[in-house]
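> Before I ask anything, here is the structure I am working with.
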Amino acid sequence: MSEPEWWRGAVCYELYVRAFADGDGDGVGDLPGATARLGHLRDLGVDAVWLTPFYPSPMADGGYDIEDHTAVAPDLGTLEDLDRFVAQAHAYGLRVLIDLVPNHTADTHPWFRAALAAGPGGTERERYVFRDGRGPDGGLPPNDWQSAFGGPAWTRTTGADGRPGQWYLHLHAPEQPDLNWRDPRVPAEFERVLRFWLERGIDGFRIDVAHALFKDARLADAGPGQHLDIDRNHLMPYYDREELHPLYRAWRALVDQYPGDRLLVAEAAVFDPERLARYVRRDEMHQAFNFAFLEARWGEPELRRVIDDSLDAMAPVGAPVTWVLASHDAVRTATRFGGGPRGLARARAAALLMLALPGAAYLYQGEELGLDQVEVADDEIRDPVWERSGHTERGRDGCRVPLPWSGSRPPYGFSPAGPDVPTWFTQPAHWGPLTAGAQSADARSTLALYREALRIRREHPASGEGPLPWADSPAGVLTFTRGDSLTCQANLGDRPVPLADGTVLLSSGPLADGALPPDTAVWLERPRH
Ligand code: TEU
């Protein structure tokens, strides 16, 4: 665990706590449950684990609405349970990252309660973004900004006298008021939060909505089409402002005061690769999720262009590209790539492709089992997107369904409770063959593929950072080499193609007569010269 710059080629597993493993039988995943299942991550062969928010929260947005940044939600355990999780992870050689959510708090946070109670003009309101409305009675929102979850980014308060009052800003749900990062009490508080966790032995932070903390000071209108064309995100007056960078420099200096190469990773929905690279300049964060890769469709010219653009943009700042195929906010890879056997074949091929690319990678829990997106029933939906979109968008719950561990029917070993205790979301009836237990026993399973890929990646001298020379290949095919001996070939087209030279180390699907079938990727060892 003392390897310097360990993060440059690290593979990190995203653990969504409520859907990973339930220890106490209430049907909700928790920290003791996660600790008991850490052997799964050790056997998988990842380098680190990132825990999504486990803080006290009224759960308006899956726990990304935080009431107390230095405590543990009672249904997930205690601070001591978290210490035990960290100690067990460290004993397995796994580093632990946690979520820091600095853009907003819960509306039940003491600061926001105080702001509402204090009324207009009080300094309590300055920690958030309160404004009078426009129009004759202040009945219109202060500007045209839209919430990323749909609808206006402003909600009007009701004064102590019961009359409509000021408006407050929330770029996400109304229960997530945005903080005012120009009020010095806000950065001071987050410095305290960072130190609290660093001193507790946390190895790094995933910075939520890292592109949004500072908004245009004049609150200028954003114009039509907000959130529709994500490639324009960096042009929005509430995203990607210059003032973010001095803050991240200060945070980098802070984490660098602690031993062990602690990590900052930006969750920034900035799709212009050059703009994204600014978050990982040498004195800012270490990594930034490469969401352009996650957003790319399955196809040869498109994926190749995204890979090239990402590598080109990061090269001048010296940061590794941080590849992402899936997250708790995205549709499961197997479903996104078409669903059914074909979607799964592509998801497996995409995993081999990603894990051969130079840089770091994040795996979302359940991807190693090849899980599909679940159609969550209307009355189980929790994602605020469902209400905010007037029931037109079902939201992200379908990738947050509890993992299947063993057995042939729900709860598939996720919870010690009986089948009559409802789990965090209802698991589908068809997951029996997909449990970690069933897949452990099958050499052709997706779990076996991930384990083998991560083993080779750990042991092969050519993996991790380094150049990526493309080799000539037919249309629809991506072929590149790593070091002087490794080749990755992925067939994204619809016809079999001849296999590249070398001995097959690992294949995402069956090979036939020296040919690479469609929707399949392979790693080959070339003879060294
Ligand atoms: O998601 C980030 C997020 O919602 C924005 O980056 C959004 O994608 C962008 O503004 C669209 O243009 C994070 C968490 O991963 C997610 O689960 C939370 O719901 C969200 O922040 C709010 O905390």
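> For the range 300-345, give me the residue count where each residue is in contact with a Leu (Cβ under 8 Å, 6 or more places away or on another chain), over 23 Å from Val280 (Cα atoms) and assigned to a helix (DSSP H, G or I).
3
> Taking Thr333 and the conditions (1) buried (at least 20 other Cβ atoms within 10 Å of the Cβ); (2) within 16 Å of the ligand (Cβ to nearest atom); (3) not aliphatic (A, V, I, L, M), which numbered condition does it fall short on, given that it satisfies the others?
If we test Thr333 against (1) buried (at least 20 other Cβ atoms within 10 Å of the Cβ); (2) within 16 Å of the ligand (Cβ to nearest atom); (3) not aliphatic (A, V, I, L, M), just (2) comes out false.
> Among the residues of the range 367-394, what is the count of those that are free of Cβ contacts under 8 Å to residues at least 40 places away in the same chain and either in a helix (DSSP H, G or I) or crowded, with 21+ Cβ neighbours inside 10 Å (or both)?
Total satisfying the criteria: 4.
> Continuing with the same structure: If you scan the range 280-299, which residues turn out to be more than 18 Å from Val331 (Cα to Cα) and either assigned to a helix (DSSP H, G or I) or not aliphatic (A, V, I, L, M) (or both)?
Of all residues in the range 280-299, those more than 18 Å from Val331 (Cα to Cα) come to 280-288.
The answer is Val280, Arg281, Arg282, Asp283, Glu284, His286, Gln287.
> Which residue is modelled with the lowest pLDDT, if the candidates are limited to the range 110-162 and must be among the charged types (D, E, K, R) and assigned to a loop (DSSP other than H, G, I, E, B)?
As a first pass, look at the range 110-162 and keep what is among the charged types (D, E, K, R): 113, 124-127, 131-132, 134, 137, 144, 156, 161.
Retained after the next criterion (residues that are assigned to a loop (DSSP other than H, G, I, E, B)): 132, 137, 144, 161.
Working: Asp132: 97, Asp137: 94, Asp144: 98, Asp161: 89.
That would be Asp161.
> Do we find a residue being within 22 Å of Val306 (Cα to Cα), in contact with a Lys or Arg (Cβ under 6 Å, 6 or more places away or on another chain) and at pLDDT below 95 anywhere in the range 466-479?
no
> Sticking with this structure for a sec: Scan the range 37-59 and give yes if some residue there is surrounded by fewer than 19 Cβ atoms within 10 Å (Cβ to Cβ) and either closer than 30 Å to Arg388 by Cβ or at pLDDT below 95 (or both), otherwise no.
Yes, because at least one residue in the range 37-59 is surrounded by fewer than 19 Cβ atoms within 10 Å (Cβ to Cβ) and either closer than 30 Å to Arg388 by Cβ or at pLDDT below 95 (or both).
> I would also like to ask the following. Do we find a residue being within 16 Å of the ligand (Cβ to nearest atom), under 24 Å from His286 (Cα atoms) and among the hydrophobic types (A, V, I, L, M, F, W, C) anywhere in the range 54-64?
In the first step, residues of the range 54-64 are kept if they are within 16 Å of the ligand (Cβ to nearest atom); the result is 54-64.
Applying the additional criterion that residues be under 24 Å from His286 (Cα atoms) yields 54, 64.
In the following step, the residues that additionally are among the hydrophobic types (A, V, I, L, M, F, W, C) were identified as 54.
Yes, the range 54-64 has at least one match.
> Please find, among Pro416, Pro433, the residue that is over 24 Å from Ala350 (Cα atoms) and either surrounded by fewer than 16 Cβ atoms within 10 Å (Cβ to Cβ) or of a type in the set (Phe, Trp, Tyr) (or both).
Numbers: Pro433 fails: over 24 Å from Ala350 (Cα atoms).
It is Pro416.
> Condition first: away from the ligand (no atom under 16 Å from the Cβ) and either under 21 Å from Val270 (Cβ atoms) or modelled with pLDDT under 95 (or both). Now tell me which residues in the range 205-220 satisfy that.
Going through the range 205-220, the residues away from the ligand (no atom under 16 Å from the Cβ) turn out to be 217-220.
Scanning the range 205-220 gives Ala217, Leu219, Ala220.
> Continuing with the same structure: Out of the residues in the range 251-298 meeting the condition of being under 19 Å from the mean Cα position of the chain (by Cα) and without any contact (Cβ under 8 Å) to a residue 12 or more places away in the chain, tell me which one is surrounded by the most Cβ atoms within 10 Å (Cβ to Cβ).
Applying the filter and picking the extreme gives Ala296.
> Further question: Restricting attention to the range 15-26, which residues are buried (at least 22 other Cβ atoms within 10 Å of the Cβ) and either of a type outside the set (Asp, Glu) or in contact with a strand residue (DSSP E or B) (Cβ under 8 Å, 6 or more places away or on another chain) (or both)?
So the first thing to find is which residues in the range 15-26 are buried (at least 22 other Cβ atoms within 10 Å of the Cβ), and the list is 15-22.
Residues satisfying the conditions are Leu15, Tyr16, Val17, Arg18, Ala19, Phe20, Ala21.
The values are calculated or read from the model by the stated rules, or taken from the named source; none is laboratory data. Treat the numbers as computed from the prediction; the structure is a model and nothing was measured. All Cβ positions, glycine included, derive from the backbone under ideal geometry; neighbour counts span all protein chains shown.
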